[in-house]
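Quick notes on the structure that follows.
What follows draws every value from the coordinates through simple rules; no lab data is involved. Note that the structure is a prediction, hence the values are computed from the model and not measured. Please note: Cβ atoms are built from the backbone with ideal geometry, for glycine as well, and neighbour counts cover all protein chains shown.
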Amino acid sequence: NNMNMNTTCSRLLTLETKWRRRYEELKEFKAREGHTRVPWRYFDNLSLSEWVSKQRQHYKWLQEGKKSPMTPQRIEALKAIDFEFVVTQANDRSHSWFERYEELKQFQHREGHCRVPQHYTNRRLGLWVCTQRKQY
């Protein structure tokens, strides 16, 4: 059926366009932040943080021999911008630090200061800021 084939082709083009759009957003994030470790809950662009998480999941599926939308072309594009496909325990600590740092920047932008209460709604951020002060 020609109609089904056209719908399928159109859907694939749309998915590829969406992937490219998020990839460009990730490149912009890297240019601004110096890394591609988008925080898990990056409130400035939740779609990007979800997309980054999906790229890691799709890569893992590919490594496990499962069906995955990850392609060699996508892997090469992500490698070209130093994307971390696997967050290991060693880089997870620095990843968590950068996540809290991003959350603090968002807090500062929203509130106009960095005085996050220790028992703030986002407890991880409150505790992180307290720890940073103690370590300073």
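Computed from phi, the 3J(HN,Hα) profile of the stretch 103-117 under the Karplus parametrisation 6.51, -1.76, 1.60 (θ = phi - 60°) reads 5, 5, 4, 5, 4, 4, 5, 6, 9, x, 7, 10, 7, 7, x Hz, with x in place of Gly and Pro. D by Stokes-Einstein for the stretch 47-136, Kirkwood Rh over Cα pairs, 20 °C, 1.002 mPa s: 139 µm²/s. Among the trypsin sites (Lys or Arg not before Pro) within the stretch 41-136, those in coil by DSSP and having at most 15 neighbouring Cβ atoms inside 10 Å are ARG41, LYS66, LYS67, ARG115.
Close amide-amide hydrogen proximity is noted between TYR120 and GLY126, each under 5 Å apart and 5 or more residues distant or on a separate chain (H modeled in the peptide plane; Pro and chain starts excluded). For the stretch 38-78, the fraction of C-alpha pairs farther apart than 12 angstrom is 60 percent.
Legend: distances between Cα atoms for LYS30/LYS67; LYS27/LYS66; LYS54/LYS79; pairs beyond 22 Å are LYS30/LYS67; LYS27/LYS66.
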